[in-house]
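The values are calculated or read from the model by the stated rules, or taken from the named source; none is laboratory data. If you're wondering where the values come from, they're calculated on a predicted model, not measured in any experiment. Positions of Cβ are backbone-derived with ideal geometry, glycine not excepted, and every protein chain shown enters the neighbour counts. Heavy atoms of the whole protein, side chains included, go into the accessibility calculation; ligands, DNA and RNA do not. Shrake-Rupley method; radii C 1.70, N 1.55, O 1.52, S 1.80 Å.
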Amino acid sequence: FLDRDGTINKYAGFITAPEQLVLEEGASEAIKLINKLGYLTIVVTNQPQVARGDVSIDDLRAIHNKLETDLGKDGAYIDAIYFCPHHPDKGFPGEREELKIECDCRKPAIGLLLKAKERFNIDLSRSWFIGDTTRDIQTGLNAGCKTVFLTSGNDEPIIRFPEATPDYRCKSLKEAVETIIKNGC
């Protein structure tokens, strides 16, 4: 399981257009290595800008199409992308009221991982969650996954989920995948 922003693509705040998405250096190589080893590559991402009214579902699909196209140009692919469009906080101009809810899919909740588990018959205890925030690590821990924290992505303070202790800390997605392989996982 991979987070999107700050993990696969460069963290750029809320991405609202495909041209804002730029792959992290080495991300394609890392995902291609996951593909080559026969493991699933599943993206799990919070996209609250949908609930805020900053981007439509169709716009988000176009952003994800760009992500998959850019990876594909390098010979890498993603098996599935799961996203949470919700956000519990209200008060944004243009927000979509029906998406301003508490849900079971917004990380660190594990609803999206459970959907992937059901669809792909995944053993979460043998899975990894790689992300650049403590929210990502807490999500992995909540699902019973092993975790890798990327130190080069988002600037989110570590204090948001201070109890979220990852199995490994790495500088990039490529280093994370190499570390998992090197340790026989």
Where both residues lie in the chain, what percent of DSSP beta bridges are antiparallel, nearest 5?
5
Can you give the convex hull volume of the alpha carbon atoms of the chain per residue, in Å³?
111
Taking the Cα atoms of the stretch 54-120, what is the range of coordinates along each of the three principal axes, in descending order and whole Å?
42, 28, 16
Would you mind checking which residues have amide H under 5 Å from residue 9's amide H? H placed 1.01 Å from N; only 5 or more apart, or other chain.
24
Which semi-axis lengths, in whole Å and largest first, follow from the square roots of five times the eigenvalues of the Cα gyration tensor of the stretch 77-185?
26, 18, 12
Considering only protein heavy atoms, what per residue accessible area in square angstrom results for the chain with a 1.4 angstrom probe?
49
Once all protein chains are kept in place, residue 61 shows an accessible area at probe 1.4 Å, nearest 10 Å², of 130
Which values of log₁₀ I(q)/I(0), to two decimal places, follow from the Debye formula for the stretch 6-70 at q = 0.22 Å⁻¹ with a uniform point scatterer at every Cα?
-0.97
Using a basic spin-label model with each label point 7 Å from the Cα along Cα→Cβ, how many nm lie between residue 39 and residue 102?
3.4
In the full protein assembly as shown, how much of residue 178 is accessible to a 1.4 Å probe, in Å² to the nearest 10?
80
The percentage of the accessible area of the chain (probe 1.4 Å, all protein chains present) made up of carbon and sulfur atoms, to the nearest whole number, is 49
